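Here the structure is laid out as structure tokens; the discussion comes afterwards.
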């Protein structure tokens, strides 16, 4: 059974304790930023910021309202990064986390390009850079603990548990107060399912979430890769065949000519 | 032949200067990281080096496997004189890719990890393995030029004995990685514009690479015949040119049928401004060359043939830039234009390859008029048949 986290935007108060807890547990340095005119800080995820609270200014019954969303790796059920990675440095574990092994990575950054959520980040300022992203606190999960951000959340906006159970809980919440939630669990079906699930009072497009289909983004690439062994054998066979046929034809025309020459000589 | 060339011509001096000028960028990259020399960011992790050096570099090196197949597998000995320069250019093209990756990769010293940690699902894994193997194959295919020069007969005989398996391996590896460069983009269905995104991208990549191979051979051979004074028969060039409309025709047909089948044909009119690039690609790189190479008057003039080949090359470069950069949406809020040092490295690497080509032409039996014993035999054999 794989673990997941349910984030409820109606319960989040934007305190950003999760951001601090994440930095503490993963021993990440603070970032020097400038005022961008919002309460949101730092402005985006980076190699030293694995999670952040995103502030959306929305209108609720004519009243101004902040809607918060927590950004971090979604730990997809069919992660594009793991399919993309040529050396399998990124892997989906059966417990849920998509983990990264810097003993394998050589820094091609295909994971960054492939991720539909734009999550893996790169250490652009280091001479020996790695990819960095949320680990789902796989090290804590292994010890029977919940992720650091979930542990620290004071309002219960983050709930850790079995992914299947969380979907049931989310459905119950939507059913209990349909006026408070849009009828959509983001992550239940998106790109084949995410380990992180979201509930929101406003449509997810308004929160800046990408609108994605239910098919994993990896499908076409995996199909193309599946065709590799037959193509390899077919091309090799065709080329060998063509070579042998043409060789034979040339030899035959040569012997014919030789025969002609012989005939002419004997004449 | 060799004495005719000035000992250190101006062109070579300039090219050497460019190569030296781009060296500081390498040093800065290894001291302060990729961010210090490039405009790459988390929003746009792949830039000029991937689009130009990898995507264009690999496609433009397709002359190597297409010509090797034509000469050694399809037995068209007529094209033997251009096969060796094509293989040299292909070999250098792959050197270019590998050198660019030394700058672009975060940890290039671990590139060999691709050999021990396999991910069968990754198109980039296939590209990595094929590029490594094919570079070795190209080195072996080209090695007779060096062995002939050094008069090392034993290795020469060994290479000749395995020549056909080598060429077949080269064709197989090229088919695989030329197409899987397209498969790599299949991973981005949400980011790549539907004008270009299609499950048949691998097939389109392979077809366009096969089309640009002969065009590159015409391009290089025309230039090297000017610079080094080799004579290559007009019938050889015209013969190569004649194949291009057929391959481009298949490419065009695939593109149009695919767009229609997916119901996206309307996008070529509505997807402004990206559709302008699509039209530019099709008109410059596909339709115009199909018409031009079909005209006997074009095929008989080496100048017209050269410029028609340039069109195919420009169209292909545009296509590779479109799919790997321009039509591929970055993360929201990212604008990317390559930095000066990114350009410097790409230009420096091309200059580096040119320098090696110049040296090779001066030191090694590249063109057929330095004819090897085998070449003469073949020529006689051809007359006999």
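The numbers here are math on the coordinates, done by the rules we state, and not lab data. This structure is a prediction, so every number in the text was calculated from the model and none was measured. Glycine also receives a Cβ, built like all others from the backbone with ideal geometry; neighbour counts cover every protein chain displayed.
Listing B:32, B:110 from the residue with the fewest other Cβ atoms within 10 Å to the one with the most, what is the order?
Sorted ascending by nearby Cβ count, the order is B:32, B:110.
I need the shape label for the range B:1-152. Rule: rounded when a/c is under 1.5, else prolate if a/b > b/c, else oblate, with a, b, c from the alpha carbon gyration tensor.
Judged from the Cα gyration tensor, the range B:1-152 comes out oblate (a/c at least 1.5, b/c at or above a/b).
Using alpha-carbon pairs under 8 Å, 6+ residues apart, how would you state the relative contact order of the range A:31-188 in percent?
This gives 15 percent for the range A:31-188.
Gaussian network model of chain B, Cα springs within a sub-10 Å range: biggest mean-square fluctuation belongs to which of B:341, B:216, B:188?
B:188
Have a look at A:177, A:253, A:48 and tell me which one the Gaussian network model of chain A (Cα, springs below 10 Å) gives the largest fluctuation.
Highest fluctuation among the options: A:253.
Roughly what would the spin-label model give for residue A:101 and residue A:57, points 7 Å off Cα along C-beta, in nm?
Placing both labels 7 Å beyond Cα along the Cβ direction yields 4.7 nm.
Would you list B:141, A:188 from fewest to most Cβ contacts within 10 Å?
By the 10 Å Cβ count, ascending, the order reads A:188, B:141.
Counting only C-alpha contacts under 8 Å and six or more residues apart, can you give the relative contact order of chain B as a whole percent?
It comes to 29 percent, rounded to a whole number.
Within 10 Å of each Cβ in peptide B:71-79, how many partner chain Cβ atoms are there on average? Round it to a whole number, please.
For this peptide, the per-residue mean of nearby foreign Cβ atoms is 3.
Order by neighbour count: A:171, A:94, fewest other Cβ atoms within 10 Å first, most last.
A:94, A:171
If I model a spin label as a point 7 Å beyond the Cα along the Cα-Cβ vector, how far apart are those points for residue A:255 and residue B:20 in nm?
Spacing of the two 7 Å Cα→Cβ label points: 6.3 nm.
Please label the shape of the range B:204-359 as rounded, prolate or oblate, based on the square roots a ≥ b ≥ c of the eigenvalues of the alpha-carbon gyration tensor (a/c under 1.5 means rounded; beyond that, a/b larger than b/c means prolate, else oblate).
Cα axes put the range B:204-359 in the oblate bin.
So if we plug the beta-carbon distance of residue B:151 and residue B:326 into 1/(1 + (r/R0)^6) with R0 = 60 Å, what FRET efficiency do we get, rounded to 0.05?
That gives a FRET efficiency of 0.75.
Under the Kirkwood approximation for Rh and a Cα-based Rg, what ratio Rg/Rh is obtained for the range A:227-266?
Ratio of gyration radius to Kirkwood radius: 1.42.
Per q in 0.20 1/Å, what log10 I(q)/I(0) does a Debye calculation on the alpha-carbon atoms of the range A:124-267 return?
Each listed q corresponds, in turn, to -1.28.
Suppose each label sits 7 Å from its Cα in the direction of the beta carbon; what would the residue B:102-residue B:234 distance come out to in nanometres?
4.4 nm
Just tell me how shielded B:191-198 is by partners: mean number of partner chain Cβ atoms within 10 Å of each residue's Cβ, no decimals.
1
What value, in deg cm²/dmol to 500, does the helix sum -39500 (n - 2.57) over DSSP H runs of n ≥ 4 give at 222 nm once divided by the residues of chain B?
-21500 deg cm²/dmol
Which shape class applies to the protein assembly as shown: rounded if a/c is under 1.5, otherwise prolate when a/b exceeds b/c and oblate if not, where a ≥ b ≥ c are the square roots of the Cα gyration tensor eigenvalues?
Here the protein assembly as shown falls in the prolate category.
Mind checking which of B:326, B:162, B:200 has the largest fluctuation in a GNM of chain B, springs on alpha carbons under 10 Å?
Judging by the Gaussian network model, the answer is B:162.
On the principal axes of its Cα set, how long, how wide and how thick is chain B? Give whole Å, largest value first.
Between the extreme Cα coordinates on each principal axis of chain B lie 63, 51, 42 Å.
Counting only helical runs of four or more DSSP H residues, what would the 222 nm mean residue ellipticity of chain A come to if each run contributes -39,500 (n - 2.57) and the total is spread over all its residues?
The helix contribution divided over chain A gives -10500 deg cm²/dmol.
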